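Worksheet: the structure to be examined is printed underneath.
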Amino acid sequence: MSESVNVGSVDDIPEGEARVVDAAETGTGEDIAVFHAEDGNFYALDDECTHETASLAEGWIEGTEVECPVHAAKFCLKDGAALCLPATRDARTHKVEVVDGRILLYPGAR
Ligand code: FES
C-alpha cells in the first residue's frame, strides 16, 4: 500500500469545500484536491482541470460532482469522469480514508 498523507481533521474541510495538497507532499508531481462532497464523503482528484489550467478545488461542488471554475466542465468526484464539455479527459482519482477523524490521502492509489 502506498504511503498516506495526513490532510487534517474532518472538521478542517466543511462539506462543499476542498483543500489542495501540494505536489511536494503528494509525491505524484501533481497537486491533489481533497473534496468534502455533499454526500458526506471525501474524494480526491488531481487538482488541475484536464481541459486547461484551473484549480478544481476552486470550483463548485454539487452533490458528488465538481464544476471547474474556468469553463464549467463537470467531473464526478467518485471516479473522476469528465461529465460534460469542454473537458474530454477524465480526472485522475486518489484513495481517501477517514481514520479516527483524520483524512488520509493515498496519492496514486485507487
Ligand atoms: S479549464 Fe476547466 S473547463 Fe476549461
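For the pair Asp12 and Ala72, what calculated FRET efficiency results from E = 1/(1 + (r/R0)^6), where r is the Cβ-Cβ distance and R0 = 22 Å, to the nearest 0.05?
Efficiency computed from Cβ-Cβ geometry: 0.20.
Hey, got the dipole for the chain? About the Cα centre, +1 on K and R Cβ, -1 on D and E Cβ, debye to the nearest 20? Provide the component values of the computation, followed by the final result.
Numbers: 8 positive and 23 negative charges, 75 e Å.
Dipole magnitude for the chain comes out near 360 debye.
Just from its helices, what would the mean residue ellipticity at 222 nm be for the chain, if runs of 4 or more DSSP H residues each count -39500 (n - 2.57) and the sum is divided by every residue, rounded to the nearest 500 deg cm²/dmol?
One gets -500 deg cm²/dmol as the mean residue ellipticity at 222 nm.
Read-outs: derived from the displayed coordinates by stated rules, not from any lab. The model shown is predicted, which means the values in this text are computed figures rather than measured ones. As a convention, Cβ positions derive from the backbone with ideal geometry for all residues, glycine included, and neighbour counts pool all protein chains shown.
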